[in-house]
Amino acid sequence: MGAFEDMNRFLEARLEEFLKAHPNLELQVLDDQLQEQLSALQKSLVQIKAEEQQIQKTILTTAQEVQRWHERIEKAEQAKRPDLASAARDREAALLRQGNQQWAQMELLKQSLQQTQALTEKIKNRRQDLQVKIQELQTTPKTIPTPQSWQSNTAQPWTSHYSPSGADDLEAQFKRWEMEEELEALKRKLGR
């Protein structure tokens with residue numbers, strides 16, 4: 001097992017290095033992970049909604065049973081049958097307890113539904129932000145000049161080297177750095 005774990009760590013480290021060298025691929029991996037999470041959440045939403053509908057039907061059935069046994073209590077009391085009235089009250093009480101438990105289950109399902117919907121929206125928003133960053137990275141120039149290429153003569157003051165193209169190079173370098181910072185922040189948010 002030790003060799004397998006070492007190989008696994010080695011491969012994970014190489015993958016991490018590769019992704020850092022190619023931030024657009026790293027962003028794509030994060031986007032794929034968010035899409036998988038959204039897909040799983042969508043399935044959960046469908047399941048929770050189905051369970052909620054089922055518990056609502058069960059609650060309705062229980063309520064109808066409570067009403068039926070309540071009518072039987074009255075009928076037994078009118079017929080002067082305290083033995084049947086007492087048994088009917090016990091059944092009605094058991095059904096009321098059952099109904100309360102079902103109602104509590106439905107409330108938990110509603111809370112779960114709200115939390116899942118909120119998480120779905122949060123992940124959708126994160127994914128939209130990530131897709132904007134992917135788009136920005138794709139439109140950013142691939143080669144960023146080094147500071148040495150910005151200056152041809154170090155003896156001249158800075159103002160003599162300033163040109164619109166130099167500003168664009170600096171802008172591109174800052175955008176890349178800022179995107180890398182945002183990528184790291186996004187990775188921390190996603191728990192990577």
FRET efficiency, residue 54 to residue 98 (Cβ-Cβ, R0 25 Å, nearest 0.05): 0.95
Calculated FRET efficiency for the pair residue 139/residue 190, C-beta based, R₀ 25 Å, to 0.05: 0.60
Eligible lysines near residue 175 by straight Cα distance, threshold 26 Å, same-chain separation 8 or greater: 20, 122, 124, 133, 142, 187, 189
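Each reported figure results from applying straightforward, stated rules to the coordinates on display, with no laboratory input. It should be emphasised that the depicted structure is a prediction, and the values quoted were computed from it without experimental measurement. Here the Cβ is made from the backbone with ideal geometry for all residues, glycine too, and neighbour counts use every protein chain on show.
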